[in-house]
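What follows is one structure encoded as structure tokens, with my remarks underneath.
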Amino acid sequence: MTLFLALFVICLTSLIIMYSCDSFEGAADYLGRNMKPGVKGATINAIGSSLPELFTTAIFLFGPHFSEELFGKIGQGFAAGIATCAGSAVFNAVIIPAFCIFFVFAKGVRTQTGFVRVREIVLNRRVVFKDGLFFLLATSLLIFFLSMSFETHMTWWMGSIFLAVYGLYMFMTLRFDDVDQDAAQVVDSKVDSTEEESGWGILGLGWLLDINERFYRGREYDTRRAWVVLLTSVIAIGLACAGIAWGVETIAHCLSVPSYFTAVILAAAATSVPDTALSVKDALKGDYDDALANAIGSNIFDICVCIGLPLLVYTLCYGPLPPSRSAGEIQLLQWMLLVVTCVVLAVFLLSRRIGLVHGVALSTVYIVWTTFVVGRGCNADWTRPFAEFVHELHAPTVITMSEYRRVDYGMSVDEVLDVVGSGCDRLSHADLMPNNPEHSMSVYACMNAFGSNGLFTFVGDKLRIKVQVGL
């Protein structure tokens, strides 16, 4: 029952984010009405539509200090936050462009007289190259910092570097983006940005969260009204993200899997709703560069700000973050993200004109990604070669004798893994009494760089036997 409730909460909060995004999009269109194509998507749209990731990461980090029962253990939420941003980044990079391609070819481009069919989509390569370069830089930085976190703590200066990179990206976007107006097939006569579809929406949320209609009876925007609508929609998105964080932790507990596995799929998809809605709307208006810049710009915001800002504030308030027992799997996800990003950039840079085949190719990439994540969650054998390769690149000694001695009988699995760090593998699991988790047995092996082991046997969730071999 709890599992279905958590799934319902995630679906409901995703709808709240979607309809809040509609109000945000109208206000953002007004505030960015004088920006160049590609700039609005990379700045206002990208920042606003990535707020769910920012709020979700912050809640995963700070939430346990207020309620461990609702948001998990202190210090362990950062892995779920990174997983949310990584999963969202993959979703943005492959699913959003694919959706834009499918919608544009299915419906055409919107004009004042209706939809006009298009045969191809033309992108400006400078926008793709600049945004892609910064995203690769941000992802590489995260991989490097996670590598350091195997041996040391994540500290405030790491968050500061992420924010500095985003500041440089914003400067380059606002100062030097001079997009050729003929490079993108932008329709001269677009629908007015304040045009909104009327209706109740699902569960009446469309009516309730039409903020301009509720506050100002649908009057045309001015600067003050646009900012009020924008900020109100941001607050609604933030409250919805608390529900997403709770749902992810609850589902992970029900399925007995780490929260980052549920976060990388469920939370990532739920928080990517605004990016998808904004990009598809831009694409249907003919603003292809804005649509792509929003997707990739959101990814840069996800890594640099949605991870960097909570990390900076948290470490200044509570001190450095210790190494997470999930660091190895999170590092694996980041390498997968880097590979996916390179593939997507190759698709857009090598093909100036985009067709349906590119949408199919991008959808296939996401299917492969999701299959790999599910496979890792199930500890499938076919995922191990790549995981072991990444682990060898980054993982130092997993367990030492001093750590082994700190492990006491009666500790839970999480408590033991918090002491010995990441990289421990579950060798076996047996249900001594079916359907009774208190009568199950699990055996974990923690191998160090020299091939020595610490073996830990748990009955239920309590350590019963520990053995060291060659430590």
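Structure above, values below:
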| read-out | value |
| --- | --- |
| Candidates 66, 150, filtered to the one that is of a type in the set (Phe, Trp, Tyr), modelled with pLDDT under 70 and surrounded by fewer than 24 Cβ atoms within 10 Å (Cβ to Cβ) | 150 |
| Condition check for residue 296: buried (at least 22 other Cβ atoms within 10 Å of the Cβ), closer than 14 Å to residue 81 by Cβ, modelled with pLDDT under 75 and of a type in the set (A, V, I, L, M, F, W, C) | no |
| Count of segment 334-386 residues which are among the charged types (D, E, K, R) and under 22 Å from the mean Cα position of the chain (by Cα) | 1 |
| Residue count for segment 27-42, restricted to those that are within 18 Å of residue 226 (Cβ to Cβ), at pLDDT below 80 and not aliphatic (A, V, I, L, M) | 6 |
| Enumerated helices (runs of 4 or more DSSP H) restricted to segment 370-471, each holding at least 1 residues that are at pLDDT below 70 | 384-394 |
| Segment 206-256: number of residues that are closer than 16 Å to residue 17 by Cα and hydroxyl-bearing (Ser, Thr, Tyr) | 2 |
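The values are calculated or read from the model by the stated rules, or taken from the named source; none is laboratory data. The shown structure was predicted, so the numbers you read here are calculated from the model rather than taken from an experiment. No Cβ is skipped: glycine too gets one built from the backbone with ideal geometry, and neighbour counts run over all protein chains shown.
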